[in-house]
1. Please work out which residue is farthest from Ala405 (Cα to Cα), limiting yourself to region 445-458 and to residues that are outside any strand (DSSP E or B) and not aliphatic (A, V, I, L, M).
2. Check Lys358 against each of (1) surrounded by 22 or more Cβ atoms within 10 Å (Cβ to Cβ); (2) over 23 Å from Ala341 (Cβ atoms) and name the one condition it does not meet.
3. Which condition breaks for Lys448 when tested against (1) surrounded by 14 or more Cβ atoms within 10 Å (Cβ to Cβ); (2) under 30 Å from Gly507 (Cα atoms)?
4. Of a type in the set (Gly, Ala, Ser), in contact with a helix residue (DSSP H, G or I) (Cβ under 8 Å, 6 or more places away or on another chain) and under 29 Å from Trp155 (Cβ atoms) - does that describe any residue in region 69-92?
5. Somewhere in region 76-98, is a residue of a type in the set (D, E, K, R), touching a His at 6+ places or on another chain (Cβ under 8 Å) and either within 30 Å of Gln286 (Cα to Cα) or assigned to a strand (DSSP E or B) (or both)?
6. With the requirement that a residue be of a type in the set (A, V, I, L, M, F, W, C) and in contact with a Pro (Cβ under 7 Å, 6 or more places away or on another chain), what does region 401-432 give you?
7. Could you list, in sequence order, the residues of region 395-439 that are charged (D, E, K, R) and in a loop (DSSP other than H, G, I, E, B)?
8. Scan (1) farther than 19 Å from Thr170 by Cβ; (2) within 24 Å of the chain's Cα centre (by Cα); (3) assigned to a strand (DSSP E or B); (4) not basic (Lys, Arg) for the single condition Leu442 breaks and write down its number.
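The values are calculated or read from the model by the stated rules, or taken from the named source; none is laboratory data. Just so we're clear, the structure is a prediction, and the values are computed from it rather than from any experiment. Note that we place each Cβ from the backbone using ideal geometry, even for glycine, and neighbour counts take in every protein chain shown.
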Amino acid sequence: MDLSRRHVLGLGAVALGALRFPVTANAKAKAPRLFELGIGSVHSSRWHLTKPLKAPDRFDLVGLRWNKGAHVHAQVRARTEGGRWTRWTALPHPHLPLDGTDPAFTGTADELQFRLRGEASKLTARFVRSLDAAPRAPRARASQAAPLVIPRDSWGAAQVPPRGTPAYGTVQAAFVHHTAGQIAYAPEESPGIVLGIARYHIESNGWNDIGYNFLVDRYGNVFEGRAGGIEQAVIGAQAQGFNDDTTGIACLGTFTATPLDEAGFDALAKIIGWKLSIHGVPVTGQVTLISGGGATNRHPSGAPVVFERISGHRDSNETSCPGDQLYAQLPALRTRATSYAFSAAGITVKAASQKGTKPVSVSGQLRFADGSSPAGASLSVEYTTAGSAWTPIGTTNAAADGAWATAVTLPSSGQVRAVFAGDGTRPRLESTPVTVKVVPSLVLTTDKRRARAGTAFAVSGTLSPGQGRVECLLERQVRGRWTRVQRKRINVRGGRFATKVRPKTPGLYRVSIIADGVTRRRTLRALR
């Protein structure tokens, strides 16, 4: 853990054919599934209006998908059959590259209509029905310092389990989002909206889990988002290029023309003030983060970017999120969140991948709950792999502001944590471990590049850090494609490996040596 336990817990018609796609599951089943409706194509630089479309079944959220590489701007409205139309809602583009949109909450409906602009074929509406599957009165939980948070098991997350285990980074700032969709929802509908977003993110977008770390409704309810622990620095899918260093909080609804209600605003301030505090991060001021790049990122990879500690999604990515009105509330939100901030003991660690035996930089922050200065505090960096005991691999000292950094060398991929052992007046602190991938340095050589078919080619090289075995793959080019001829495992001794391959027929071959996370290749020519 990285904190003391007491702080935890002109519109025209466009001809689009309404084609019914197979429903992937019965929407009336206990666990509703995603279902689809093909709606043809659009080719226009101006807004065009579809005819009213009948969905395959009743739905609560809807998004759009299209052919790879296309791009469309879309708005949607919906109604129950014969009822009144909702207002037009823009379908948001996700922060990650995706051939489609994120979903918008429409309320329960069975008919819909789109406004479309752009170039795309194979347009498909994807629907989720979730309001009748989620708990109507979920219970929130809280510990001493944490605000009330509705846990995952109370909004129906078990119906859409994550595809894999969570990943952990650090929390240096918070990004505020809105989810898009109708704002005229009742408080008892909020769990169903969260469940619908989770289902869409996992089953339509193909993400590991719901993208946001927390979600807040306009009535002040806070929902736990991505799995992994609300106290932990869980990496979400909410701000491309900056997910490793931030937490993401989404407000349910569209806040382009309407500000967030007071109850929701206060709950948003509470959860951000608490979350940044438990990670030893101030609520106000600025922080410099290094961009990881990406198609929707406003900043190129490797660029240092200065953010407010509480920023809007549009500050990092090409989007209008979190809506003009909510974005205008951010200065007041920073002030309000300050009133909920507190001093928490904590220690964090961040690391990149290690290449070969070159040291990897690790860094973090140390903060004491009593407000005492961390200047000079001694820290150790520890390593473990495959369930082994934690082993010290480096030491360093914290600066006056609590920042620390050092470089360590790992023998193989594993986990790293930072530890403050305690000093009699201040207790022991351990950071949340982070996983470090060690990418070996691999060199491949062959004794020759050309020889008669049937002649052996000697293959050798070095691997650092060493591992027990590597894979040797021999392939032959046939009609422009590589076809496997031989695959074998070869031993690595003292960081060196050697073997032989023998192409039996004339042609162009390539030999590959494959280690953990790295491959090296050389081409060979077998002559007649």
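1. Gly454
2. The one condition Lys358 does not meet is (1).
3. It fails just one condition, (1).
4. The first filter runs over region 69-92 and keeps only residues of a type in the set (Gly, Ala, Ser), leaving 69-70, 74, 78, 82-83, 90.
In the following step, the residues that additionally are in contact with a helix residue (DSSP H, G or I) (Cβ under 8 Å, 6 or more places away or on another chain) were identified as none.
No, region 69-92 has no match at all.
5. Filtering region 76-98 down to residues of a type in the set (D, E, K, R) leaves 77, 79, 81, 84, 87.
Subset that is touching a His at 6+ places or on another chain (Cβ under 8 Å): none.
Taking every residue of region 76-98 in turn, none turns out to be of a type in the set (D, E, K, R), touching a His at 6+ places or on another chain (Cβ under 8 Å) and either within 30 Å of Gln286 (Cα to Cα) or assigned to a strand (DSSP E or B) (or both).
6. At the first step, the residues of region 401-432 found to be of a type in the set (A, V, I, L, M, F, W, C) are 403-405, 407-408, 410, 416, 418-421, 429.
Once the filter is applied, which keeps residues that are of a type in the set (A, V, I, L, M, F, W, C) and in contact with a Pro (Cβ under 7 Å, 6 or more places away or on another chain), region 401-432 yields Ala407, Val408, Val416.
7. In the first step, residues of region 395-439 are kept if they are charged (D, E, K, R); the result is 401, 417, 423, 426, 428, 430, 437.
Result: Asp401, Asp423, Arg426, Arg428, Lys437.
8. So the condition that Leu442 fails would be (2).
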